[in-house]
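Contents: one structure, followed by commentary.
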Amino acid sequence: MKSFLQNKIIFFRDLGIEEWSITFKKMHNFTILRDFYTFDEIWFVEHYPVFTQGYAHQKKSLTHINNIPVINTNRGGQITYHGPGQQILYFLIDLKRRNISIRDLIDIMQQIVIKTLNKLSIHQAYTKKKFPGVYVNKKKICSLGLRIKRNFTFHGLSINVNMDLTPFNYIYPCGDINIQMTQIKEFNKDIKLKDLKTVLVTVLSNYFQVIMIKKKQ
């Protein structure tokens, strides 16, 4: 019975706004301690200004860019920026339980974002084969980065909603000199983070074919 429930339920948490390092520690500990019986979770969070570097772009001597801290992470991908007004989703998923590959999960994550944007009347969203993420009008609106440990995933995606995009100008987002960033605000000024969360929970439940249950902190 419990195994059935684990397949049919994903818990989600709303962490509000936190320092990246605090969320990472909780996410890392969750992944290290979880086992076959642990329910999957998806965490919603915003971070205070920070640049994070994936394995493909790590310069240990780089500690700050324009007074914004730079942190090396254990996710894949290059360098990106997180700040208030950006919705981040961390996917703490058992791939074996869901019977999906990491490639499948990346595709699902991208389609979840595209479907969500469609529901918010942003219909031009698309993906690029060699560059993970979601794009609108040749600009990037969503970035992805994952890590797998014992078939358990952590890290996830970030959607730009209503934030200061200036720090992206200090880097080559995702390692691409040609990438420009955009956000939901530029297409629909009325959308708030709470509105986005509501739509995301619905779309997530449909794509994973589960019941999404909010978990208290």
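The values are calculated or read from the model by the stated rules, or taken from the named source; none is laboratory data. Computed from a prediction, not measured in an experiment: that's the story for all the values here. All Cβ positions, even for glycine, are placed from backbone atoms using ideal geometry, and neighbour counts span all protein chains on display.
Does the range 159-179 hold any residues that are modelled with pLDDT of 95 or more and surrounded by 13 or more Cβ atoms within 10 Å (Cβ to Cβ), and which are they?
Across the range 159-179, the qualifying residues are ILE159, ASN160, VAL161, ASN162, MET163, ASP164, LEU165, PRO167, PHE168.
All but one of (1) within 29 Å of ILE9 (Cα to Cα); (2) not in a helix (DSSP H, G or I) hold for LEU105; which doesn't?
Result: LEU105 passes all but (2).
Quick one: LEU117 ticks every box in (1) within 20 Å of ASN74 (Cα to Cα); (2) part of a helix (DSSP H, G or I) except a single one, so which number is it?
Among (1) within 20 Å of ASN74 (Cα to Cα); (2) part of a helix (DSSP H, G or I), the lone unmet condition for LEU117 is (1).
Quickly run through the range 177-209 and pick out the residues that are within 19 Å of the chain's Cα centre (by Cα) and outside any helix (DSSP H, G or I).
Listed by number, the residues that qualify are ILE179, GLN180, MET181, THR182, GLN183, ILE191, LYS192.
What number of residues within the range 77-102 satisfy the criterion of being out of contact with any helix residue (DSSP H, G or I) (no Cβ under 8 Å at 6 or more places or on another chain) and outside any strand (DSSP E or B)?
Qualifying residue count, the range 77-102: 3.
Pick from the range 74-105 the residues that are of a type in the set (Val, Ile, Thr) and crowded, with 19+ Cβ neighbours inside 10 Å: which of them is nearest to PHE208 (Cα to Cα)?
ILE93
Restricted to the range 30-52, and to residues that are assigned to a loop (DSSP other than H, G, I, E, B) and either at pLDDT 95 or above or touching a Phe, Trp or Tyr at 6+ places or on another chain (Cβ under 9 Å) (or both), which residue is surrounded by the most Cβ atoms within 10 Å (Cβ to Cβ)?
Result: ASP40.
If you check every pair at least six apart or on different chains, which have Cβ atoms under 6 Å apart with a residue in the range 25-50 that is farther than 15 Å from ARG150 by Cβ first and a residue that is among the small types (Gly, Ala, Ser) and in a loop (DSSP other than H, G, I, E, B) second?
Partner pairs satisfying both residue conditions: PRO49/GLY83.
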